[in-house]
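The values are calculated or read from the model by the stated rules, or taken from the named source; none is laboratory data. Values in this document were obtained by computation on a predicted structure and should not be read as measured data. Virtual Cβ from ideal backbone geometry, glycine too; neighbours counted across all protein chains shown.
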């Protein structure tokens, strides 16, 4: 993020003033003066590490956070937006430098230079791997140590590079019995926030953000190496935070928020900020990278709302013999499980009935009972197929039965449920493992009819959606819709932040009908089921009421519930009678069958033979492509030749495309066709045009209506024919009939009758 975009109105002047005040301090220790830099504890040789913290002043200020209702306009609907500062109170700078390696999905592209506008096959921008540069002081010099430190990515909305995953924000309930704040119950977690690391202000300029372990405020003059690093901006060459400097990511910027759960009630919470949550960066102290700030929500549901408690399982409601299953309760201040446990998560190894009683800001609630079964032996799928794709594409794999797909032969992660698995973008050979797992739980959720309550209307909106919780991973097999007319719709499953999980484009008939989706839904809060913003506009029915809740929540045992919509509690948009099938995790019994997606690299393609500029009258140019056997395309291309006269005046893109049977590669070059009038003399010019498949053509430009005399000679000077032709002001085409003469080189003499000037040209018949 560019600095002007993030400064408060007086920020720039303040920074300049502070920097000027500390010129002498900066001069004592700088990138160019290692001798003036100090080591912790004294000495002349040391590693100068940074120390990143979360600033207490910025977030604790009265303007440091803003709460929005669930009915607020997008993009702030149900958000708690936060101002977060990240000071560097260490002895060395945080400094990042880029590599030439990129991540596309889970694959690494080494020594890669992405062309302008390059996107990964899934449509995302490639992530550029970065190094953290550490300053090693050796007497009067610096040496540098570079270590892996995550990645940066281009953000098109800002037009610059961000360091990914610099911050993580969570909404938590305080547990007075737990000393470690990071173990307090999580109500909801935000996405990992990317920062453009810059020296936005100083510790003195944002007094109170920089504090030591005892809570003492640190100012610029408290840092012996103040300013070391220096000059960090938002670019892809170098980013960082200098010693004694502060970066601030304001609440109005992208991703600087926590999503408040749709059913959350008013009450006392804590916003918890973690800096560098994945420990990509080496620093002096990793234990001071977090901050908990109290926030009192006042714009959500009241405590009179029915309280709720949920149990989540990421691996279904079965436990394998000899294995364990983790159950997690929704965020509350305390818990009492049916097992007697009082933690937010429990690990079980036996089948049985499990429930939890939780105290939330909405009150005390008891969850639905989750019936955990003993998983049986999984069978081999009857049919499987491998697939071969071009590197970067999605593979389409198939298995019969109630197929469960995993990323490992045993254990691992459940990645899909269903017969037809479309993978993410793959760059290397990848093997998946599939088992036929019997269905253990299913049913229907949501109203079965569009006339169930109140009134309704056909809506052409594409921005509305239902909000639901998934307590177990399940397959959303079918829904019911009522379309005002036949047409195509694009259905989408999204997470709580609006990130696309799956989508399907389907053609609907007019009227009420079942729609097969077969979406795999992972467990989680506040999923969205809606339409794509690019979906064709054809109306679907939406149920509405005037004053009362339309009937939320709609529940299916302990599998899922629909808690509301983007229109609030008084409307139910589009999607009725959900048919759900929850299935078990396949046990580690050796019954998974491997299915492999093989990748073929895209061919390296080149072309030659095309010049940058051609005279309009030039003969055809032969084009050559490597590997051979591809196809040339573009204006003026005929049978691997480029003909300027056919292409016409102007710029033209000529493309060579080659396919190896799995992948296509192509390259393109630009050429320009111009009209050469350099022969214009005494009122006329003459050019011989190459015109494939027809007679040769003379192109004559004249400023008057005098005629010309055209004589055809052999190469030895023998006259074969003479003719006179009229010409007119401007350009004139004259066809030459020479087919009756043998193939040879001839001479053409064109004499301008008014001036007597002649032009002689060679003609290859």
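Would you pick out the residues in segment 530-547 that are more than 15 Å from residue 447 (Cα to Cα) and in contact (Cβ under 8 Å) with a residue 40 or more places away in the chain?
Residues satisfying the conditions are 530, 531, 532, 533, 534, 535, 536, 537, 538, 539, 540, 546.
Have a look at 126, 121, 34, 40 and point out the one that is touching a strand residue (DSSP E or B) at 6+ places or on another chain (Cβ under 6 Å) and modelled with pLDDT of 90 or more. Quick ask: steps written out before the conclusion?
Numbers: 126 fails: modelled with pLDDT of 90 or more; 121 fails: modelled with pLDDT of 90 or more; 40 fails: touching a strand residue (DSSP E or B) at 6+ places or on another chain (Cβ under 6 Å).
Within the list 126, 121, 34, 40, the selection yields 34.
Would it be correct to say that residue 226 is out of contact with any helix residue (DSSP H, G or I) (no Cβ under 9 Å at 6 or more places or on another chain), assigned to a loop (DSSP other than H, G, I, E, B), within 23 Å of residue 38 (Cα to Cα) and touching a residue at least 40 places away in the same chain (Cβ under 8 Å)? Even if it seems obvious, please write down each step before you answer.
Details: out of contact with any helix residue (DSSP H, G or I) (no Cβ under 9 Å at 6 or more places or on another chain): no; assigned to a loop (DSSP other than H, G, I, E, B): yes; within 23 Å of residue 38 (Cα to Cα): yes; touching a residue at least 40 places away in the same chain (Cβ under 8 Å): yes.
Judged against the criteria, residue 226 is not a match.
Tell me the residue from 543, 558, 535 that is touching a strand residue (DSSP E or B) at 6+ places or on another chain (Cβ under 8 Å) and within 17 Å of residue 493 (Cα to Cα), please.
Result: 535 is the single residue among 543, 558, 535 that is touching a strand residue (DSSP E or B) at 6+ places or on another chain (Cβ under 8 Å) and within 17 Å of residue 493 (Cα to Cα).
Which of (1) part of a strand (DSSP E or B); (2) under 19 Å from residue 189 (Cβ atoms) does residue 498 not meet, given it meets every other one?
Single failed check for residue 498: (1).
Of these, 77, 137, which one is buried (at least 21 other Cβ atoms within 10 Å of the Cβ) and over 22 Å from residue 276 (Cα atoms)?
On inspection, the qualifying residue turns out to be 137.
Mind telling me which of the residues 392, 454 ends up being at pLDDT below 80, surrounded by 15 or more Cβ atoms within 10 Å (Cβ to Cβ) and under 27 Å from the mean Cα position of the chain (by Cα)?
392
Do we find a residue being in contact with a helix residue (DSSP H, G or I) (Cβ under 7 Å, 6 or more places away or on another chain), touching a residue at least 24 places away in the same chain (Cβ under 8 Å), part of a strand (DSSP E or B) and closer than 30 Å to residue 563 by Cβ anywhere in segment 156-168?
no
Give 87, 50 a once-over and let me know the one that is over 27 Å from the mean Cα position of the chain (by Cα), modelled with pLDDT of 90 or more, crowded, with 18+ Cβ neighbours inside 10 Å and not in a loop (DSSP other than H, G, I, E, B).
Answer to the selection: 87.
Please go through segment 711-728 and give me each residue that is surrounded by 12 or more Cβ atoms within 10 Å (Cβ to Cβ) and either over 13 Å from residue 686 (Cβ atoms) or outside the structural domain of residue 689 (by TED's automatic domain parsing) (or both), ordered by number.
Those that are surrounded by 12 or more Cβ atoms within 10 Å (Cβ to Cβ) and either over 13 Å from residue 686 (Cβ atoms) or outside the structural domain of residue 689 (by TED's automatic domain parsing) (or both): 712, 713, 714, 720, 721, 722, 723, 726, 728.
Give the residue, chosen from 262, 252, 269, that is more than 22 Å from residue 46 (Cβ to Cβ) and at pLDDT 90 or above. Reasoning before the result, please.
On the way: 262 fails: at pLDDT 90 or above; 252 fails: at pLDDT 90 or above.
Residue meeting the stated conditions: 269.
From the list 632, 619, exactly one residue is in a strand (DSSP E or B), out of contact with any helix residue (DSSP H, G or I) (no Cβ under 7 Å at 6 or more places or on another chain) and outside the structural domain of residue 426 (by TED's automatic domain parsing). Which is it?
The conditions single out 632.
Is segment 316-328 home to any residue that is on the phi > 0 side of the Ramachandran plot, modelled with pLDDT under 85 and over 36 Å from the mean Cα position of the chain (by Cα)?
Yes, there is a match, as at least one residue in segment 316-328 is on the phi > 0 side of the Ramachandran plot, modelled with pLDDT under 85 and over 36 Å from the mean Cα position of the chain (by Cα).
So which residues in segment 673-688 are buried (at least 17 other Cβ atoms within 10 Å of the Cβ) and either within 24 Å of residue 610 (Cα to Cα) or modelled with pLDDT of 75 or more (or both), if there are any at all?
673, 685, 686, 687, 688
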